[in-house]
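First the structure, in the form of structure tokens, and then the observations on it.
The values are calculated or read from the model by the stated rules, or taken from the named source; none is laboratory data. Small disclaimer: the values here were computed from a predicted structure and weren't measured. Ideal geometry is used to build each Cβ from the backbone, glycine not excepted, and the neighbour counts take in all protein chains shown. Keep in mind that these areas ignore ligands, DNA and RNA; they rest on the heavy atoms of the full protein, side chains included. Shrake-Rupley method; radii C 1.70, N 1.55, O 1.52, S 1.80 Å.
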Amino acid sequence: TLTANRAVTLSTTNAFSGAVFLVVRTGAGAFNLSVGGLVTLQVNQWCTVAYDGSAWRLTGFGALS
């Protein structure tokens with residue numbers, strides 16, 4: 001459970017083209033998780049991000065069932 005709004009920082013330092021992250025926001029509470037400024041996840045949501053060689057891009061987003 002998050003106790004405040006939180007952020008995931010996606011650095012481009014030493015990132016390689018094709019790198020992928022899956023980020024999942026589970027738990028409870030009213031607080032959200034910002035993923036690299038690309039999307040803000042609420043409870044029971046997920047996203048995938050990929051590095052294309054120049055920037056991180058949102059490649060998937062959805063709700064957990």
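Worth a mention:
- Residues in the stretch 33-65 that are of a type in the set (S, T, N, Q) and assigned to a loop (DSSP other than H, G, I, E, B) were compared, and the one that is surrounded by the fewest Cβ atoms within 10 Å (Cβ to Cβ) is 65.
- Residue 10 vs. criteria closer than 18 Å to residue 65 by Cα and of a type in the set (A, V, I, L, M): no
- Of residues in the stretch 5-32 being in a strand (DSSP E or B) and either farther than 15 Å from residue 61 by Cα or touching a residue at least 60 places away in the same chain (Cβ under 8 Å) (or both), the one most open to solvent (accessible area, probe 1.4 Å): 6
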